[in-house]
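Student: Dumping the structure here so I can ask a few things about it.
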Amino acid sequence: MTSQRPLEGKVALVTGASGGIGGAIALKLASQGASIGVHYNATKSNAEKICEGVRVAGGSAISIHADVTDVSQVNCMFDDLGSEYGSVDILVNNAGINKDGLLIRMSDSDWDEVIRVNLKGAFLCSRAAAKVMLKKRWGRIITISSIVGLVGNFGQANYAASKAGLIGLTKSLARELASRNVTVNALTPGFIEVGMVKSMTKEMKDMVTARIPMGRLGSPEDVAALAGFLASEEAGYITGQAFSVDGGLVL
Ligand SMILES: NC(=O)c1ccc[n+]([C@@H]2O[C@H](COP(=O)([O-])OP(=O)(O)OC[C@H]3O[C@@H](n4cnc5c(N)ncnc54)[C@H](O)[C@@H]3O)[C@@H](O)[C@H]2O)c1
């Protein structure tokens, strides 16, 4: 029989876990028994709410602050997690931003910032985590890309490039780390009803929903369910993949 808490004894770090999708993933991994580093950049109180949710459900979590674009802050984040829980077994690269605009109006700084947070942030966190995972000969790296990284989008050249870059990063790391039992996969969510999508007008949501074969927007829990599986022992032979969680939008 499969254990109800297959991640008991494992330690997970979820970046941007004070936000919608990250928070749901943190709660999912905690429900499977993992101790959680709830990373935040901006609002500690949101991260503390997620930690409280984990504790109420009988799990263990700490909030950790870092700007994922800053190598010394990233290294400190892993040190803090190590001091509390010993090490890291599961990394979820979820932190991300968008700064949309059509190409000819896109500023250099909007390009640079999105690439720095979304792509360099995942690189810095993955490198720090891989050093630990290679020694343990076990690890899971799960990166939140986007369907926009597969098919592009009007006004999102920077975001799409960063999310496509994450798929290349995922496949390369999967090749480098496979022999040490470290799997690396990406999720490409569609329209998930949090953050930017939540604040869309009803008309926009209706227009988007009409294009989704499943006939509804996604929930953060839809994404968290797959992250929970990929983090488990049972997913140990799956690596280098990008999985869409989009209700069939990109078929
Ligand atoms: N919502 C969607 O429909 C959707 C679809 C596809 C992909 N995604 C991706 O899912 C992830 C989570 O998005 P969300 O919708 O939950 O949005 P969100 O804004 O709630 O979460 C993003 C998180 O990233 C953190 N962050 C931003 N800049 C940071 C920095 N410099 N250092 C550290 N952390 C930083 C934020 O604090 C926040 O917690 C993002 O990578 C996003 O691109 C979202």
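The values are calculated or read from the model by the stated rules, or taken from the named source; none is laboratory data. Keep in mind that this is a model prediction, so the values were computed, not measured. Cβ sites come from the backbone with ideal geometry, for glycine too, and all protein chains shown count toward neighbours.
Student: Kindly indicate the residue of region 50-70 that is away from the ligand (no atom under 12 Å from the Cβ) and part of a helix (DSSP H, G or I) and also nearest to residue 96 (Cα to Cα) among those meeting that condition.
Tutor: Of the residues in region 50-70, the ones away from the ligand (no atom under 12 Å from the Cβ) are 51-62.
Narrowing further to those that are part of a helix (DSSP H, G or I): 51-56.
Details: 51: 20, 52: 23, 53: 22, 54: 23, 55: 26, 56: 27 Å.
Checking each candidate, the answer is 51.
Student: Please give the number of the condition residue 96 fails out of (1) touching a Phe, Trp or Tyr at 6+ places or on another chain (Cβ under 9 Å); (2) surrounded by 23 or more Cβ atoms within 10 Å (Cβ to Cβ); (3) assigned to a strand (DSSP E or B).
Tutor: (3)
Student: Are any residues in region 161-194 away from the ligand (no atom under 14 Å from the Cβ), of a type outside the set (Lys, Arg), closer than 15 Å to residue 241 by Cβ and part of a helix (DSSP H, G or I), and if so, which ones? Show your work before the answer.
Tutor: Applying the first criterion (away from the ligand (no atom under 14 Å from the Cβ)) to region 161-194 yields 168, 171-185.
Now restrict to residues that are of a type outside the set (Lys, Arg): 168, 172-174, 176-179, 181-185.
In the following step, the residues that additionally are closer than 15 Å to residue 241 by Cβ were identified as 168, 172-174, 177-178, 182-185.
Once the filter is applied, which keeps residues that are away from the ligand (no atom under 14 Å from the Cβ), of a type outside the set (Lys, Arg), closer than 15 Å to residue 241 by Cβ and part of a helix (DSSP H, G or I), region 161-194 yields 168, 172, 173, 174, 177, 178.
Student: Can I ask one more? Kindly check whether there is at least one residue in region 131-154 that is in contact with a Phe, Trp or Tyr (Cβ under 8 Å, 6 or more places away or on another chain), away from the ligand (no atom under 12 Å from the Cβ) and among the β-branched types (Val, Ile, Thr). Before you say what the answer is, go through the steps one by one.
Tutor: First, pick out the residues of region 131-154 that are in contact with a Phe, Trp or Tyr (Cβ under 8 Å, 6 or more places away or on another chain): 132, 146, 148, 153.
Of the ones still in play, those that are also away from the ligand (no atom under 12 Å from the Cβ) are 132.
Remaining after also requiring among the β-branched types (Val, Ile, Thr): 132.
Yes: one or more hits.
Student: Moving on. Against the condition touching a residue at least 24 places away in the same chain (Cβ under 8 Å), surrounded by fewer than 20 Cβ atoms within 10 Å (Cβ to Cβ) and not in a loop (DSSP other than H, G, I, E, B), how does residue 23 come out, does it pass? Before you say what the answer is, go through the steps one by one.
Tutor: Values: touching a residue at least 24 places away in the same chain (Cβ under 8 Å): yes; surrounded by fewer than 20 Cβ atoms within 10 Å (Cβ to Cβ): no; not in a loop (DSSP other than H, G, I, E, B): yes.
Taking the combined requirement at face value, the residue does not satisfy it.
Table: residues versus (1) among the charged types (D, E, K, R); (2) farther than 29 Å from residue 135 by Cβ.
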{"residue": "71", "(1), (2)": "no, no"}
{"residue": "74", "(1), (2)": "no, no"}
{"residue": "94", "(1), (2)": "no, no"}
{"residue": "100", "(1), (2)": "yes, yes"}
{"residue": "103", "(1), (2)": "no, yes"}
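Student: Would you call residue 190 over 20 Å from residue 26 (Cα atoms) and surrounded by 14 or more Cβ atoms within 10 Å (Cβ to Cβ)? Let's see the steps before the verdict.
Tutor: Values: over 20 Å from residue 26 (Cα atoms): no; surrounded by 14 or more Cβ atoms within 10 Å (Cβ to Cβ): yes.
Judged against the criteria, residue 190 is not a match.
Student: Separate question: Return the residues of region 29-41 that are surrounded by 24 or more Cβ atoms within 10 Å (Cβ to Cβ) and either out of contact with any helix residue (DSSP H, G or I) (no Cβ under 6 Å at 6 or more places or on another chain) or assigned to a helix (DSSP H, G or I) (or both); say none if nothing qualifies.
Tutor: Correct list: 29, 30, 34, 39.
Student: Oh, and also: How many residues are among the aliphatic types (A, V, I, L, M) and surrounded by fewer than 16 Cβ atoms within 10 Å (Cβ to Cβ) if we restrict to region 152-186?
Tutor: Number of matching residues: 1.
Student: Determine whether residue 149 is more than 26 Å from residue 6 (Cβ to Cβ) and surrounded by 21 or more Cβ atoms within 10 Å (Cβ to Cβ).
Tutor: Working: more than 26 Å from residue 6 (Cβ to Cβ): yes; surrounded by 21 or more Cβ atoms within 10 Å (Cβ to Cβ): yes.
So residue 149 fits the description; yes.
Student: Right, something else. Show the residue pairs that are 6+ apart or on different chains and have beta-carbon atoms under 6 Å apart, the first residue being within region 116-143 and more than 16 Å from residue 181 (Cα to Cα), the second being among the hydrophobic types (A, V, I, L, M, F, W, C) and surrounded by fewer than 19 Cβ atoms within 10 Å (Cβ to Cβ).
Tutor: Listed pairs, sorted by first residue: 117/97; 124/71.
Yes/no per residue for (1) over 15 Å from the mean Cα position of the chain (by Cα); (2) crowded, with 16+ Cβ neighbours inside 10 Å; (3) more than 12 Å from the ligand (Cβ to nearest atom); (4) at pLDDT 95 or above:
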site	(1), (2), (3), (4)
196	yes, no, no, no
201	yes, no, yes, no
210	yes, no, yes, yes
214	yes, no, yes, yes
217	yes, yes, no, yes
223	no, yes, no, yes
226	no, yes, yes, yes
